[in-house]
Structures are given as C-alpha cells and as structure tokens.
1. Residue-wise, which Karplus ³J(HN,Hα) couplings in Hz belong to the range 133-140, taking 6.51 cos²θ - 1.76 cosθ + 1.60, θ = phi - 60°, and x for glycine or proline?
2. Got a sec to turn the phi values of the range 27-35 into Karplus ³J(HN,Hα) couplings, 6.51 cos²θ - 1.76 cosθ + 1.60 with θ = phi - 60°, whole Hz, x for Gly and Pro?
3. May I ask you to list the trypsin sites (Lys or Arg not before Pro) in the range 131-162 that are in a DSSP loop and have at most 10 other Cβ atoms within 10 Å of their Cβ?
4. As an exercise, take the mean of 1/r over every pair of distinct alpha carbons in the range 141-191, invert it, and state the Kirkwood radius in angstroms.
5. Among the listed pairs K70/K99; K119/K169; K50/K70; K119/K148, which are separated by more than 32 Å between their Cα atoms?
6. Report, to two decimal places, the Cα Rg of the chain normalised by 2.2 N^0.38 Å (N = number of residues).
7. How large is the convex hull of the C-alpha atoms of the range 103-191 per residue, in Å³?
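Computed from the coordinates by the stated procedures, all read-outs in this text should not be read as laboratory data. Being a predicted model, the structure only gives us computed values, none of them experimental. Note that each Cβ is placed from the backbone with ideal geometry, even for glycine, and that neighbours are counted across all protein chains shown.
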Amino acid sequence: MEPNEKEYSKFQWFLYVILIPSFFTLIVVIVLLSVTGFNPLGIMKDFASKAPIISSLFNDEKEESQVQKKDEVSVSELEAEIQAKESKISRLESELETKNGEIHSLELEIESLSDEIAKLQDERIAKSKSLDDLTKMYEEMSPKNAAKIIPNLKDEEAREILTSINTEKLAAIFEKMSPEDAARFTQLITQ
C-alpha cells in the first residue's frame, strides 16, 4: 500500500458505494414517474395503508386529521369569541371616552362654581365689613340724627343696620323716632 492511499472503513464504503447511489436512483425514479403522470407516492401510500403494521401509522394520520379538523373548528370558534370580545372592548372604550368627557365637563363646572362661591364669599365679607362700618357709624352718631336718617333708608338696609346696633343705642334711636316709624322698624327687626 502506498502512503497516499487511505483505507476506508466498511461503513464509509457502504455509505459511498451503496446507500447514497441507491437514494439518488430512487429520487430520480420517483421524479420520472411523477412527470409521466404516474403517482408513485399515492400508490405507496395505498400499499402502506394495507400493510398491517404500517396501516396503524396511517390510521394515526386519519385520527390526526380528525383532531386537526376539530382544532380548526375550535380555532374558528375562538376567533369568533375574540372578535366579539374586541367589539365589546371597543364599545367599552368609547363609553370610557364619553364618561371621561362628562367627568371633564363636570370638573369644569365644579371649578366655575367654586370660583363663584369664592366670589360670593368675598362679596359677603366686603358687605359684612361695610355693614360693620355702617353699624359703627350709626352707633357713634347721636340717636336724634340716626332717627332722622334711618326712615329714609330702604327697609332691608335699615333692618340690617338696626339688627347690628347694640340694644342700648337702638332703644335710644327708637325713642327719637315717631311712634309709627319705631313700630315699623321693630316689626322689621323681628322678622
């Protein structure tokens, strides 16, 4: 033997000389038969389904095809269920947007009402301060002058001022008024 020649093992010889050429020949024959209109794969499948051991493999394929059909049916049912849930989600999202819009408008209304309340409270405080100032002015005024001015005021203004004046000063003012005016303002204070 020469040093350049390699010895092949029996497996390599079997692989290169028998197995690979056999597969190549088989593939060429199947392709040629298919081209001529002969269906070798269908015939082999029919033959295999008639053989006892191999037929159980094909029965498994039939069962698998039935399972696959059931799976396809359940997939279509699941797709229908998914579509129904997606439509429900989109409906709920639109309801959520509507509710968010309502919430926003109510928040704006609350804000405007809060501003209005603050404004009214400021007005009330200003009015209360001016009423306190008027009350103080009438208390410092002589009862005779106060008795001349109060009948010329509007009834509501007079009532507010008279209810704020201390009782002693009020009694002195009523003494200087005519009996009719004193009676009318007394009646206004008690209402």
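1. For the range 133-140, the Karplus-derived couplings read 5, 5, 4, 4, 5, 5, 5, 7 Hz, x marking Gly and Pro.
2. Here the 3J(HN,Hα) series is 5, 5, 5, 4, 5, 5, 5, 5, 5 Hz.
3. K154
4. Value: 10.6 Å, from the Cα pair sum.
5. With Cα atoms farther than 32 Å apart: K70/K99; K119/K169; K119/K148.
6. So the Cα radius of gyration is 3.38 times the expected 2.2 N^0.38 Å.
7. Cα convex hull per residue, to the nearest whole number: 104 Å³.
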